[in-house]
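This report concerns only the one structure given below.
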Amino acid sequence: MSKYLSQAKGAVAGMYQATELENKTRHDRNFEATESTLPNIRKAPISEKRPALASNLLSYLGPYNPLPKSITSNDTVWLLDNTAYRNSQTGQWEAEFVAAVFDKQSGVEISTVVADVAEKLGIGKGDAAEARIQERLMPFVQDILPGRTVIVHFGTRETLRLGPGGRNGISSDIKRMLPYGQGGDVVKVVAKVPQGANGVLESKTVYAEPEGWGIISDVDDTIKLTQTSDPIGILRSTFVSDATPITGMPELYAYLQTLVTNTAPWFYLSASPYNLYSFLSDFRQRYYPQGTMILRDASWMNLSGLLSNLTLGTQEYKVDRMSKVHKWFPKRKMILIGDSTQSDPEAYGEIFRKHPGWVHLILIRKVTDIAAVGIESKNEPKRFEKAFKGVPENIWHVFEDPKECYKLVSDAIHRPFQIALFTSRLANRNMANNVSDASQKLVPGTELLLSHKGNQDVIRLIPEPSDNEDDPLNWSTTWKAVVIINQAVFIFITVLTPLSIAPLTPIFTEEFDIGISQVNMLFGAVAMSLGYANFIIVPAANIFGRRPTIIVCSLICTLANVWQALVTSYESFIGARVISGLGAGAVESIMPMVIADVMFLHQRGSWVGLYFWSFSIGIFFGPIISGSIGSAISWRWFFWICTILQAVTTLALVFMMPETMYFRKAKVVSPTSSSIEQSQDLEEPKVESPSLFASSNAGTEDIFSYRKSSRDGNPVRTQTEHIKGRPSRRQFALFIKPTFIHGSFKETIIRDILAPLKIFFYPITLWAGMSFGFASNCFLGLNLTQSQVFAAPPYSFTTAQVGFVNFAFVVGGMIGLLTAGPLSDYVSIYLARRNGGVREPEMRLWVLIPYIVVLLVGMVVTAVGYDRLWSWPIIVVVGYGFVGVEVVSIAAIVIAYAVDCYKQIPGQIMITATVCKNTFGFGMIFFFNDWAARSGFVPPLMMLTGLGVGITAFGTALFLWKGKMFRVWTMGSKIHDL
């Protein structure tokens, strides 16, 4: 046994020199005594199932073997995940591909080895743990197969030949001229093997560009409990115990991934032998982000080598491997994370000095949760000071609790942004004062949307619902549909009266003896009151609830409709229109608030699309109804019919619109949400400890069960696990006790009124409001001119016929509804999946591109068709139809994007957007028709087209490029606390 032990130590020591600290640890913990009693696998009884293997002297030539062998059905193949990088000379993509091949059958009698290990660990014969020992021992007892080549499919088109492997059964090939890719792309690599061969037959190649951030992390006792200072602890954690993450580290790494994004390469640098790749890879997949696992290759069929690998020459080994990573990514800014049980501090200090400017942050976990001889000396401050000699103090940090690292990594990564906060003209003193607080939060809008369960991505529920059945997030699909459809019907009916009088223009000019400009003022009056009424409606909805506020607004609309039906003078008509707008203002704000109340993040795009569709369909259908009734019966009957419909809608709200405003008990959440929230009685953030990256072997203890957190007992929920509840009786009350969420009544009112004014100066909300406004006003331009065009020769349409052209808007709006919301949600989820489950709000902006083109085509066809008197079907079908598509689509996407970024204030965002839209729309009535009559329709309509297309396209490009930076600029704002 002593000869065997010497060979094992020699194999390791021959490659890397052991340090004084490593030799001391082995001496203090009697590693050699433990190693001497481990079973000698090479001398274990041979199994009858062991196949005969021909000696292959040529395998000593490694990759130069002229006669390699192919994979057979009796072989096991492992493909290791890797990272593609750009060659610094050629700029071409290349990557190191590592494969291991060994015999499927054990080369020894496995039961004997299992019994020896079980006895060493104090496990009785026949214990259930023996099965687990056997499973994990298999890679140590399977014969390695040198000289094998592995054929793999790289993606769908490329085929690569890996190997032949060396005497250790491992091949390492640098493959150059890989297919073109972009940073963050993930390519599946699949081994082409005969039927019957097994192993890890698929791997992933992650493309990483030369610049940006990168992470190198130790594994044992940094992210996984291994007890590397104790030989028995190593054996027990490797062969018997469940792979256990270090508390708080999965959350920290998920948080870190949201900061560096999917384009950052991750390397898991472990001193464990390659025998443990499958075991460690499954562990990594369950708890940590995708990355390349770097392991040692000196311990095949050698249990003593397992202990030697973890305790001898680790510093030199890690420096060597990190130097290789530096050759691949010399321009990356690296974050190194390790622990105090091994030589991580010394290795990281050495690599910092060896490659100046490469390492930007070093985090060392001070291990105090294991009882081991000598652990105190490893945690001495003098050790760290010596290891990090010459390393600036703001670069290296020793921590015990992972929560200490959130601010450290945020400061390191966002330091350029924080400097910009002070130097940019967009920053103000309030933001500057909150930079330190902002650094403790994730960038607003960034969410961990997807987790992994088995081979499937599971959508996480954001926000997390409570455990109460009356929580609107927990309502059944039926109740949610009732509430949302009730809202949609309210909007459709309510906008009929104020925004549908365009076909009645000739009637009003004759009835009240006024001109077109004065008729347009009837629209302008309601547009202004409708837009600015939300400075009252939104605070009321936040204080008294959505239900009482919308019912009161509906009653106001009903009474205003009666007034409009009875008016006898133009002045009275203007007054009635103003009151009508005050009640109808609820259509601009309440439904987005209700959607945020009852729908989860990944569902909102589709429902926001329904909101804008119902709003637009009311506007589109309204002129059809008003024109038909005004032509066939009387314009007054249009308002009487609207009165009846509004009264019915009010009753529907009373009986089928429960209160959706719901205050959940303040609780701490995972740092993978948009912020690390703090309870009022806590001095520091407390986070849950869920497994954020689960695999198919997660078992009953993965995040998708109702496992209790070690901190606060809050379960992590998935899409299919939340309670199916219903509204309670109290949620149907006509009046609820006022709630002042910001303190006193005065403070609440001030904050709700000032918030829309404040966010008007935020780039994202300003752009969303302007894009929404001008896209909508493109429709207004057509609405204002349709009577002017189609009632005159050569068309000479009747009032009813002018109304009928709005059917094109209806059809276009339906297309927008069916495509924009669902498509933006789909694209967001798809890109989040490619981004490691992390969803950025900007992901939905890609969907805007086709709708910008639709807007451009629709407006150009209409303008030119108007001016050149084209056949009306071309103008109506193409022009009006395309504008109908964009009105719903662009509005839904840009507002959903703004709400994604500032999800606490959907109502205030709608105020800002509505003010932008209605203020400009009000101004249009004073010049638009006269300008068209004087200069033709092309100039005014092309002005709207330029504003709509230009602002939307510019913002789309800008925020796809720098959207996250703008969110960082405002991350310290108190807006996020509303």
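The values are calculated or read from the model by the stated rules, or taken from the named source; none is laboratory data. Quick caveat, the model's predicted, so the values are computed rather than measured. Every residue, glycine among them, receives a Cβ derived from its backbone with ideal geometry; neighbour counts consider all protein chains shown. Quick note on the areas: whole protein, heavy atoms, side chains included, nothing else; ligands and nucleic acids left out. Shrake-Rupley method; radii C 1.70, N 1.55, O 1.52, S 1.80 Å.
Tabulated values for the structure
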{"quantity": "In the stretch 148-164, the residues that are modelled with pLDDT under 85 and touching a strand residue (DSSP E or B) at 6+ places or on another chain (Cβ under 9 Å)", "calculated": "Thr156, Gly163"}
{"quantity": "Answer residue from the stretch 497-548, given it is part of a helix (DSSP H, G or I) and of a type in the set (Ser, Thr, Tyr) and is farthest from Asn918 (Cα to Cα) among those", "calculated": "Thr509"}
{"quantity": "Sole residue being modelled with pLDDT under 80 and either buried (at least 16 other Cβ atoms within 10 Å of the Cβ) or within 30 Å of Val878 (Cβ to Cβ) (or both), chosen from Gly781, Gly743, Gly725", "calculated": "Gly725"}
{"quantity": "Residue list for the stretch 928-953, restricted to those being free of Cβ contacts under 8 Å to residues at least 12 places away in the same chain and of a type outside the set (Lys, Arg)", "calculated": "Trp931, Ser935, Pro939, Met943, Gly946, Gly950"}
{"quantity": "Residue satisfying all of: in the stretch 254-280; part of a helix (DSSP H, G or I) and open to solvent by 20 Å² or more (accessible area, probe 1.4 Å); farthest from Thr83 (Cα to Cα) among these", "calculated": "Phe279"}
{"quantity": "Residue within the stretch 633-643 that is at pLDDT 85 or above, assigned to a helix (DSSP H, G or I), in contact with an Asp or Glu (Cβ under 8 Å, 6 or more places away or on another chain) and crowded, with 19+ Cβ neighbours inside 10 Å present", "calculated": "yes"}
{"quantity": "Odd one out for Thr509 among (1) open to solvent by 10 Å² or more (accessible area, probe 1.4 Å); (2) under 26 Å from Ile550 (Cα atoms)", "calculated": "(2)"}
{"quantity": "Conditions (1) modelled with pLDDT of 75 or more; (2) more than 23 Å from the chain's Cα centre (by Cα): number failed by Gly233", "calculated": "(1)"}
{"quantity": "Test: residue in the stretch 900-919 that is crowded, with 24+ Cβ neighbours inside 10 Å, closer than 18 Å to Met942 by Cα, assigned by the TED database to the domain that holds Leu944 and touching a residue at least 24 places away in the same chain (Cβ under 8 Å)", "calculated": "yes"}
{"quantity": "Of all residues in the stretch 473-496 being assigned to a helix (DSSP H, G or I) and open to solvent by 20 Å² or more (accessible area, probe 1.4 Å), the one that is nearest to Ser796 (Cα to Cα)", "calculated": "Phe492"}
{"quantity": "Residue match in the stretch 79-97 (condition: closer than 18 Å to Gln195 by Cα, buried (at least 16 other Cβ atoms within 10 Å of the Cβ) and among the acidic types (Asp, Glu))", "calculated": "no"}
{"quantity": "Test: residue in the stretch 813-836 that is buried (at least 24 other Cβ atoms within 10 Å of the Cβ), among the hydrophobic types (A, V, I, L, M, F, W, C) and over 24 Å from Leu610 (Cβ atoms)", "calculated": "no"}
{"quantity": "Boolean, Val860 is in a helix (DSSP H, G or I) and without any contact (Cβ under 8 Å) to a residue 60 or more places away in the chain", "calculated": "no"}
{"quantity": "Candidate set: the stretch 549-581, residues that are among the hydroxyl-bearing types (Ser, Thr, Tyr) and part of a helix (DSSP H, G or I); chosen: the one nearest to the chain's Cα centre (by Cα)", "calculated": "Thr549"}
{"quantity": "Top-ranked residue in the stretch 173-199 [being under 24 Å from Thr263 (Cα atoms) and assigned to a strand (DSSP E or B); ranked as least open to solvent (accessible area, probe 1.4 Å)]", "calculated": "Val189"}
{"quantity": "Answer from Glu385, Glu376, Glu350 - the residue that is modelled with pLDDT under 90, part of a helix (DSSP H, G or I) and among the acidic types (Asp, Glu)", "calculated": "Glu376"}
{"quantity": "Among (1) assigned to a helix (DSSP H, G or I); (2) under 23 Å from Tyr253 (Cα atoms) - the single one Glu316 does not satisfy", "calculated": "(2)"}
{"quantity": "Among (1) open to solvent by 50 Å² or more (accessible area, probe 1.4 Å); (2) over 28 Å from the mean Cα position of the chain (by Cα) - the single one Met924 does not satisfy", "calculated": "(1)"}
{"quantity": "Any helices (runs of 4 or more DSSP H) falling wholly within the stretch 900-978 and containing at least 3 residues that are under 30 Å from Val864 (Cβ atoms) and of a type in the set (S, T, N, Q)", "calculated": "938-969"}
{"quantity": "Selection status of Lys962, closer than 21 Å to Trp607 by Cβ, open to solvent by 40 Å² or more (accessible area, probe 1.4 Å) and of a type outside the set (S, T, N, Q)", "calculated": "no"}
{"quantity": "Filter result for Ile337 (at pLDDT 90 or above and either of a type in the set (A, V, I, L, M, F, W, C) or open to solvent by 60 Å² or more (accessible area, probe 1.4 Å) (or both))", "calculated": "yes"}
{"quantity": "Scan of the stretch 851-867 for residues that are at pLDDT 90 or above and open to solvent by 50 Å² or more (accessible area, probe 1.4 Å), ordered by number", "calculated": "Val853, Leu856, Val857, Val860"}
